Each structure stands twice: as C-alpha cells, then as structure tokens.
Amino acid sequence: MYGVITIFCGVFGIVYEQYSHGVFSPFMGLLFLFPLLGGFFPFLILSSKRVKKPPSTMSRYTYHSGLATLTTGSLLTGVFDIYGTTAPLVNVYWFVGSLFTVGGIVLYIQSLHKQKRV
C-alpha cells in the first residue's frame, strides 16, 4: 500500500509544481519521501526478515497515523510555499506527526521487550 501512496505523492508533487508558475517548494518536490522511507522500506524489511514478533495493531496504527500526518504537513507546507504565504499552524503537523511516528516505534520496541521477559 505504501508503494501506491509513494507513487501518488510523487506524481501529485510533479503535477502540482508544473502548474505553480515556476515556483518550487522542496516540501512538495520531496513529498514522496515520507511514505517511501517511512512506510515502504521499513515494512518491506519487516516482511522480508520474517520477524518473530510483528508490530501490534496499536503500534502500527500509531505509526501509520504519524506518517500520514507528516505527509499531510509536507503537502500543506509545499502548497503554502508555492502560494507565497505561511501558516503557523502547519508546525502542529510536524510536531504531532513526529510524536505519533516515534510513539509507534516505542510501542513496538516495548512489545519486543515484553516478549523477551516472558
């Protein structure tokens, strides 16, 4: 699924910048990196390594929510950059997205430590 999202974000960023009258935003141009580096590659590695303990539902949903929030934050920052304005509330996306992403990783690591103790 993250492969499809990565392709969609890449195509969306390219098309959006084609119609931006020569204005470029790295947040829009590199929009595809969040789902690629945060979603596609980690879950590809997890599935290929045949991990003994897969991530729990709670850790996966928290992690997915974080990546979705970071991707949305990058999209909105890119739109505002291209438009030539700023929106201070966009910073909330970066904070909350990072918090959820790290939270998902922490939940997964905690579940691995609980498994070792048992």
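Given LEU46, LEU37, LEU67, LEU75, which one is exposed (fewer than 15 other Cβ atoms within 10 Å of the Cβ) and modelled with pLDDT of 90 or more? Don't jump to the end; show me each part of the working.
Details: LEU46 fails: modelled with pLDDT of 90 or more; LEU67 fails: exposed (fewer than 15 other Cβ atoms within 10 Å of the Cβ); LEU75 fails: exposed (fewer than 15 other Cβ atoms within 10 Å of the Cβ).
LEU37 is the lone residue from the list that is exposed (fewer than 15 other Cβ atoms within 10 Å of the Cβ) and modelled with pLDDT of 90 or more.
Go through the stretch 1-34 and give me each residue that's closer than 19 Å to GLY66 by Cα, surrounded by fewer than 15 Cβ atoms within 10 Å (Cβ to Cβ) and aromatic (Phe, Trp, Tyr).
Residue satisfying the conditions is PHE8 alone.
Note down all Cβ pairs under 6 Å where the first residue falls in the stretch 54-66 and is more than 19 Å from LEU33 (Cα to Cα), the second is of a type in the set (S, T, N, Q), and they're at least six residues apart or on different chains.
Within 6 Å, the pairs are SER56/SER111.
Residues are listed down the side, and each one gets a yes or a no for (1) farther than 21 Å from GLY97 by Cα; (2) in contact (Cβ under 8 Å) with a residue 24 or more places away in the chain; (3) over 10 Å from the mean Cα position of the chain (by Cα):
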residue: GLY13; (1), (2), (3): no, yes, yes
residue: GLN18; (1), (2), (3): yes, no, yes
residue: PHE27; (1), (2), (3): no, yes, yes
residue: LEU37; (1), (2), (3): no, no, no
residue: GLY73; (1), (2), (3): no, yes, no
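Which residues, counting only those in the stretch 12-56, are of a type in the set (Gly, Ala, Ser), farther than 23 Å from THR77 by Cα and in a helix (DSSP H, G or I)?
The answer is SER47, SER48.
Being within 17 Å of SER25 (Cβ to Cβ), surrounded by 14 or more Cβ atoms within 10 Å (Cβ to Cβ) and either touching a Cys at 6+ places or on another chain (Cβ under 7 Å) or without any contact (Cβ under 8 Å) to a residue 60 or more places away in the chain (or both) is true for just one of TYR108, TYR93. Which residue is that?
TYR93
The values are calculated or read from the model by the stated rules, or taken from the named source; none is laboratory data. For clarity, every value in this text was computed on a predicted model and none was experimentally measured. In this analysis, Cβ positions are derived from the backbone assuming ideal geometry, glycine residues included, and neighbour counts consider all displayed protein chains.
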